[in-house]
Amino acid sequence: MNEQAPIKEARLFSEQLLIEMTQQLIDRGIVARAQIDELNSRRALTGESLDRLLIKEGAAKEEEVLTVLSELTGIPYKHIGDFRIEPEVVQRVQARTAIRYQVMPVTVDGGVITLATPQVPNLSAADGLRMLLDMAIRWVLCTEADVTKTIKHFYGLGAETIDHLVAGLPEDVDLEIKGTDVAEENADEGVVKFVNQIISEAIRMDATDIHIEPFEAALRIRYRIDGILQEIPVPKGVAHLSKAISSCVKIMADMNIAERRKPHDGRIKVRFGADEFDLRVSVLPSAHGETVNMRLLSRKTMFIDLEHLGLTPEQAPAIEYLSSLPHGVVLLTGPTGSGKTTTLYATLARINSAAVKIITVEDPIEYQMPGISQIQAHAHIGLTFATILRSILRHDPDIILIGEIRDMETADIAVRASLTGHLVFSTLHTNDAASAVARLIDMGVEPYLVSSCLEGSIAQRLVRRICESCKESVQPDSIILDEIRALYPEEIVNANFCKGRGCPDCNFTGYKGRVALFEIMVLNDVLRGLIVRQRPSNEIKNRAVEHGLVTLRKDGWSRAMAGMTTVEEVLRVARKADTV
């Protein structure tokens, strides 16, 4: 097997190699000679190698440069996700060595170790690593992002920083920040650097929450990504820094670091690239120290338009119909974090114009939308949804958005507003679309009023998308296939069930991003009659299915057959009962 040539058979980094590389790039029309001359002039000032400068300045794609270098050196260019990296392989190379040389061990075969690197190694680096590892080395070229993410995943976040901080500390001693100026000592600077790494990595990974949790002999860091908590690997010895880390966060959030017995709340403002973020910080005392939660909120105004929600061709007309009604109540149901507010704002964005007046009542205001009057509820001063709604009706709105119907008073005003010619959108915490009826009646709204005003109920869940970089086909369990075949007897023939193998692009989870599942119940005369007679939710749902309702689970199976999400994700969010 000679898939990866030994180091002695591969060319190492040299000026002659760079000359040949540039000529190849010019010959292939990737860069112009003038660009090369300009970058060579800049290279003399910066000291960077030409291959990295080409990539950094955007003159050539990293894949193009690595492909040419692979052809010239004989070092294979691969995606690091193609390797199944075992823990015993990672242990062959220390964290500080991997970070210093920017290499990632991927396989060991006998006395030969394969290292992934984003650059062709030079002779001194190759010899130095060979002496440190006391092994022969094969090389593989991978993108810099792949190598960096994989090092963080296997060695832990901030491995080099932690190694430096805990070096020389007795095993039973914890490092703690004593003063209020976190930059006074080198140790304090190291802790600040590590906390900044925690925050910046969370932003880079599109996390919504950061959890820092101390235990008796460990410190656990978790990010909530795509609605799921993911544990972030941390280096050994980080438990010694738990007190220092919580103190650092408290200083950044302008909290009292001397008081460790009470909960604290604060805010941190950070800039990441061109974007600004607000971090809502909460610190709680626990048995083994202070546990920290940071909620990440982007200051950038962002919302998804209706076309990008992932609606199927059958679902889009129903949403458009409900949003174009002159009056009535339209409810979105689902648990916290299921994307209800995003869908509501996507709907409002479609109908927002100078011809309609839209007022929202929210707690908190999650999206800023031009042309819409948005009101923040403040229950502690008596500014509740109900009190605001009474005043809103005197402002002649066409459309009202209520963040959530939480009580009888809010429900009653929403219903009566719809009966007086307003279109009301709101959210409700129920398991499916049909249960919204029972919830309103349980709040005290008369069944005949629910029947008259409710125009539609939309249940929503979010499932994780399969990572496109490591997607591979799978065959589901026969029981699952039988269930799907009963619902989609024709479509299942061309189904493409997939899963993600796990790679640096998806933090080795197999998932990246989310897509919504919908259960859209548009009321008709049959369903209204059942509501007036106070029939149970399951009967209403069964009749709705007879009239074309696609349940959450059935919608999930259609996304799984399309290779968009996995069978496991559908099973996670949609119950078996949803297949009625």
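Listed values, structure above:
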| item | result |
| --- | --- |
| Hey, Gln16 over 38 Å from the mean Cα position of the chain (by Cα), at negative phi, modelled with pLDDT of 90 or more and buried (at least 16 other Cβ atoms within 10 Å of the Cβ) or not | no |
| Segment 351-382: number of residues that are surrounded by fewer than 16 Cβ atoms within 10 Å (Cβ to Cβ), modelled with pLDDT under 85 and within 22 Å of Ile413 (Cα to Cα) | 7 |
| Subset tally (residues that are modelled with pLDDT under 90, surrounded by 15 or more Cβ atoms within 10 Å (Cβ to Cβ) and part of a loop (DSSP other than H, G, I, E, B)) for segment 313-350 | 2 |
| Test set (1) in a helix (DSSP H, G or I); (2) surrounded by 15 or more Cβ atoms within 10 Å (Cβ to Cβ) - Gly310 fails condition number | (1) |
| Selected residue (criterion: nearest to Ile458 (Cα to Cα)) from residues of segment 527-548 that are touching a residue at least 24 places away in the same chain (Cβ under 8 Å), of a type outside the set (Ser, Thr, Tyr) and in contact with a helix residue (DSSP H, G or I) (Cβ under 7 Å, 6 or more places away or on another chain) | Ala544 |
| Among (1) assigned to a strand (DSSP E or B); (2) buried (at least 18 other Cβ atoms within 10 Å of the Cβ), the one test that Glu569 misses | (1) |
| Test set (1) open to solvent by 60 Å² or more (accessible area, probe 1.4 Å); (2) free of Cβ contacts under 8 Å to residues at least 24 places away in the same chain; (3) outside any helix (DSSP H, G or I); (4) over 29 Å from Ile151 (Cα atoms) - Glu259 fails condition number | (1) |
| Any hit, segment 453-461, residues being closer than 18 Å to Arg575 by Cα and either among the polar types (S, T, N, Q) or free of Cβ contacts under 8 Å to residues at least 60 places away in the same chain (or both) | yes |
| Per-region count, segment 40-66, residues open to solvent by less than 50 Å² (accessible area, probe 1.4 Å) and among the polar types (S, T, N, Q) | 1 |
| Check on Ala434, modelled with pLDDT of 85 or more and farther than 22 Å from Pro335 by Cα | no |
| Subset of segment 383-416 that is among the polar types (S, T, N, Q) and within 34 Å of the chain's Cα centre (by Cα) - its residue that is surrounded by the most Cβ atoms within 10 Å (Cβ to Cβ) | Thr410 |
| Residue in segment 498-514 that is assigned to a helix (DSSP H, G or I) and either in contact with a strand residue (DSSP E or B) (Cβ under 8 Å, 6 or more places away or on another chain) or open to solvent by 30 Å² or more (accessible area, probe 1.4 Å) (or both) present | yes |
| Residue check for Glu63: farther than 27 Å from Leu25 by Cβ and out of contact with any helix residue (DSSP H, G or I) (no Cβ under 9 Å at 6 or more places or on another chain) | no |
| Options Leu462, Leu487: the member that is touching a strand residue (DSSP E or B) at 6+ places or on another chain (Cβ under 8 Å), open to solvent by less than 70 Å² (accessible area, probe 1.4 Å) and either under 30 Å from Val532 (Cβ atoms) or at pLDDT below 95 (or both) | Leu462 |
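The values are calculated or read from the model by the stated rules, or taken from the named source; none is laboratory data. Note that the structure is a prediction, hence the values are computed from the model and not measured. Reconstructed Cβ throughout: ideal geometry from the backbone, glycine too, with neighbour counts over all protein chains shown. Ligands, DNA and RNA are excluded from the accessible area calculation, which covers all protein heavy atoms including side chains. Shrake-Rupley method; radii C 1.70, N 1.55, O 1.52, S 1.80 Å.
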